[in-house]
Amino acid sequence: MFGQIVRHEVRLVLVMDGDKARALVGVRVHQMNGKSCGDIIWTAGFGREQWQILLPEFEQMLRDAGCVMCRPICRPGWSRHLKQHGYRLKHIIMEKPL
């Protein structure tokens, strides 16, 4: 993860509440079908209910960066919140430790 940040493959978004950091979001901007797409590849923080309401502002930030699509890669629990904002399920990723 750190290497992706150093190589500028992942951008960091810090969510602040006054002088307190609430969350850190990793965003990968890439080309998909010749257009910019922003993938939210990870989130970390606390008090999610307090900062998940910032999703429309986050989407605007991606639009301002030239993105035409936002694709959160998230745990199933996020789907309830994201569906309320017009997101739809496209893929399922399954994993198994080896």
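Read-outs throughout are calculated quantities, based only on the coordinates presented, and are distinct from any laboratory measurement. Everything numeric here is computed off the predicted structure, so don't read it as measured data. We place every Cβ from the backbone using ideal geometry, glycine too, and count neighbours over all the protein chains shown.
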Partners for Lys35 among aspartates and glutamates (Cα-Cα distance below 17 Å; same-chain residues under 8 apart left out): Glu9, Glu59, Asp64
Among beta bridges that DSSP assigns inside the chain, antiparallel share in %, nearest 5: 75 percent
Fewest-first ranking of Ile92, Ile5, Ile41, using other Cβ atoms within 10 Å as the exposure measure: Ile92, Ile5, Ile41
Simple spin-label estimate for Leu12 and Arg88 in nanometres, 7 Å along Cα-Cβ: 3.6 nm
Residues with amide H under 5 Å from that of Val15, placed H, sequence gap 5 or more: Arg22, Ala23, Leu24, Val25
Karplus-derived HN-Hα couplings along the stretch 25-32 (A = 6.51, B = -1.76, C = 1.60, θ = phi - 60°), whole Hz, x at Gly and Pro: 10, x, 10, 10, 9, 8, 8, 9
Pairwise Cα inverse-distance average, inverted: Kirkwood Rh of the chain (Å): 14.6 Å
All-pairs Cα distance distribution in the stretch 12-68, expressed in whole percent, bin size 10 Å: 22, 51, 22, 5
